[in-house]
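The values are calculated or read from the model by the stated rules, or taken from the named source; none is laboratory data. Model, not experiment: these values are computed from the prediction. Using ideal geometry, Cβ is built from the backbone for each residue, glycine included, and neighbour counts are taken over all protein chains shown.
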Ligand code: NAD
């Protein structure tokens, strides 16, 4: 794959796994992330930019730089997102609601807005938006996150229609619960909210899937590489869950 790929939130977690997956597939990789220290730990070969996806001027500058230094991009992964609060809706502060939407939704919008002209100039390309199974079901106690991830799917469907005539495909991946530090934080908060142990909450999530397990970041990365590839040349406007098949999003324990 001789592609130029830019990934937001690419310094750790799913974004980093995507960057590794694209690198293994032969692509040139550019990671943008708000955590400068995490970027430092990324491989030499990757181009790196410290970026907060909520900052429109920063996002615009990043894509201007990609146009100037790389002559454009072939694939853009709008992956940045934060978990937001875990609380019953009446306890969610407006500032926490807005903070969750700002990264998950405004960030995806700004990334797509400033990526679109570069991909249009190529008359081809792909965008991959990271939504969540929380964008396919309701998730009790996660109102801001679920609302943001459903909205990401609406954004993706619209972009797929707008950009399709320009040869650009746009899809959303919905990861299920991914093994790693972020999910450990969610498990810890839910354990407190539900008066359970971490292992009970983990078991609940896992048993809610047909495959009975959490997914790994590389499972998501491999789907992103596929969606960016010519093998997916007529795949657009799709919501693709990589979750081991969620059969019960809220298993009562
Ligand atoms: P993570 O918490 O591991 O964070 C990944 C990176 O995001 C970090 O390096 C962090 O610095 C960066 N980041 C955070 N806010 C940012 C901002 N404003 N601008 C730029 N970078 C920022 O997250 P993850 O688990 O890798 O999740 C990646 C995406 O996958 C998110 O959109 C998330 O909502 C989604 N997702 C994750 C899971 C899961 O279980 N981990 C499940 C479904 C969906």
For the structure I just gave you, tell me whether residue 206 is within 16 Å of the ligand (Cβ to nearest atom), farther than 27 Å from residue 156 by Cβ and at pLDDT below 95.
yes
Take the residues in the range 46-58 that are touching a helix residue (DSSP H, G or I) at 6+ places or on another chain (Cβ under 7 Å) and more than 11 Å from residue 107 (Cβ to Cβ); name whichever of them is farthest from the ligand (Cβ to nearest atom).
46
When you scan the range 119-154, how many residues do you find that are over 30 Å from residue 194 (Cα atoms), more than 13 Å from the ligand (Cβ to nearest atom) and not in a loop (DSSP other than H, G, I, E, B)?
8
Residue count for the range 94-104, restricted to those that are more than 10 Å from the ligand (Cβ to nearest atom) and within 22 Å of residue 76 (Cβ to Cβ):
1
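So that you can scan it fast, the table gives a plain yes or no per residue for (1) over 21 Å from residue 119 (Cβ atoms); (2) touching a strand residue (DSSP E or B) at 6+ places or on another chain (Cβ under 9 Å):
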{"position": "14", "(1), (2)": "yes, yes"}
{"position": "26", "(1), (2)": "no, no"}
{"position": "42", "(1), (2)": "yes, yes"}
{"position": "50", "(1), (2)": "yes, yes"}
{"position": "58", "(1), (2)": "no, yes"}
{"position": "64", "(1), (2)": "no, no"}
{"position": "82", "(1), (2)": "yes, no"}
Tell me yes or no: at least one residue of the range 216-226 is within 25 Å of residue 20 (Cα to Cα), at pLDDT 95 or above and assigned to a strand (DSSP E or B).
no
